[in-house]
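The values are calculated or read from the model by the stated rules, or taken from the named source; none is laboratory data. Model, not experiment: these values are computed from the prediction. Note that each Cβ is placed from the backbone with ideal geometry, even for glycine, and that neighbours are counted across all protein chains shown. Note: accessible area is taken over every heavy atom of the protein model, side chains too, but ligands, DNA and RNA are not part of it. Shrake-Rupley method; radii C 1.70, N 1.55, O 1.52, S 1.80 Å.
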Amino acid sequence: HKVAIIGAGPAGLSAAYFLRRIGHEPVIFEKREQTGGMMKGVIPEYRLPSKVVDWEVQTILDLGVEVKNGVEFGKDITFETLERDGFEAVFIATGAWKVPALKLENSDAVGVMDAVTFLEKVGKSITDLKGKKVVVIGDTNTAMDVVRSAARLDCNVTSLVGCIQRKMSANKNEVKRATELGSELLFLTKPTRFIAENGKVSGVEYIEVQYKDPKKALGEPLPVEGTEQTIDADLVVIATDRVPDMTPFTDAEGNIPFKINKKTGGIDCDKTSMQTSMPNVFVGGELHTGRSIIIQAVADG
């Protein structure tokens, strides 16, 4: 059977691997020129060496899996064109690459960027941050990746974390390693605005937050009046979340042909078959689960 796979990340590659092993013809369509999704060029090199990813990917391609890079779903191909080209099923696994913007003053200033963009630029256009002050916003694993990557480039890193340590969504080992590199984590703090000079970020104003019941630490921490402070910043990286980008699946009227899972923000599917509400269209990885870990995407594939 001929199967189209949208996205060459861990979910797409995994699906292609298992399909090919039992004799089907999977073809992967990938928007980027690189194959591997976030494993290639976003997850830091010290955590996942690119030569290991290249070896894994090549092993899958050597089975006879075809990858078409530079092909964007929604622009270059659609469900209709794939069906016309003889594909009998489609597995969509485009991941969660979108970092929601913070609606704060000067959020469009030069030097304010999202975590995925920052991690993609590390080792390419960002190679040295010596003497710079970097502020990271978020409590996610991605935030800790940014903190650790920035600290390794010899800069002063401060992270604004809107909860207490045990409530962080980041793995506790990631948090430990981030602090070991000398970065400062300011728990129970939330940015209120970015300070900019001549269109370039120069600092962050933040406020302390606290739970209604600090012992139970339930619900969303609330701002504590009169605790506003500012911190200097040459670079601010937003790492509060990563969500699936639904733009490729949205029609001109703004409708999405799938049922969306309110909890994850991803596309809903049958738990056993991974089939969406659309016949012969399956989903996996972060497009289904929302922000998660590589091995979950591999399992979905």
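The table for this structure:
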read-out	value
Estimated inter-spin distance, N171 and D213, nm [label 7 Å along Cα→Cβ]	3.3
The chain, helix-only ellipticity at 222 nm - DSSP H runs n ≥ 4, -39,500 (n - 2.57), divided by all residues, nearest 500	-6000 deg cm²/dmol
Computed lengthening from H24 to E225, 0.36 nm per intervening residue step minus Cα-Cα distance	66.2 nm
Whole-percent carbon and sulfur share, accessible surface of segment 1-96, 1.4 Å	51
D108/K130 FRET efficiency (R0 25 Å; Cβ-Cβ; nearest 0.05)	0.40
The chain, dipole about Cα centre (Lys/Arg Cβ +1, Asp/Glu Cβ -1), debye to the nearest 20	840
Gyration tensor (alpha-carbon) shape descriptor, the chain, a/c threshold 1.5	prolate
Qualifying aspartates and glutamates (Cα of each under 14 Å from Cα of K98; at least 8 residues distant if same chain)	D114, E120, D241, D245, E286
Segment 143-227: C-alpha gyration tensor shape, a/c 1.5 cut-off, then a/b vs b/c	oblate
Accessible area per residue in Å² at 1.4 Å probe, computed on the chain	52
Stretchable slack from K51 to D245, in nm (0.36 nm times residue separation minus alpha-carbon distance)	67.0 nm
Sum of side-chain charges, V175 neighbourhood, beta-carbon under 14 Å (Lys, Arg +1; Asp, Glu -1)	+1
Qualifying aspartates and glutamates (Cα of each under 13 Å from Cα of K216; at least 8 residues distant if same chain)	none
Virtual spin-label span in nm between E88 and E253, 7 Å along Cα→Cβ	3.3
Cut-off under 5 Å, modelled amide H: who pairs with K68 long-range	I28, F29, E30
Percentage relative contact order, the chain, counting C-alpha pairs under 8 Å, at least six apart	21
Accessible heavy-atom area order of L181, L186, highest first, probe of 1.4 Å	L181, L186
Sequence-distant residues sharing a close amide H with F282 (under 5 Å, placed H)	V90, F91, I92, T276
Share of carbon and sulfur in the accessible heavy-atom surface of segment 236-288 [1.4 Å probe, %]	52
Residue among C163, I126, L104 farthest towards the positive dipole end of segment 101-165, charges placed on Cβ	I126
Fraction of the pair-distance distribution of segment 19-115 above 16 Å, Cα-Cα pairs, percent	68
Derived scalar couplings ³J(HN,Hα) [segment 249-260; Karplus, 6.51 cos²θ - 1.76 cosθ + 1.60; whole Hz; x for Gly, Pro]	9, 9, 7, 4, 8, x, 8, 10, x, 10, 7, 9
Set of aspartates and glutamates with alpha-carbon distance to K212 below 18 Å, sequence-local pairs under 8 removed	E220, E225
Area accessible to solvent at E56, 1.4 Å probe radius, in Å²	100
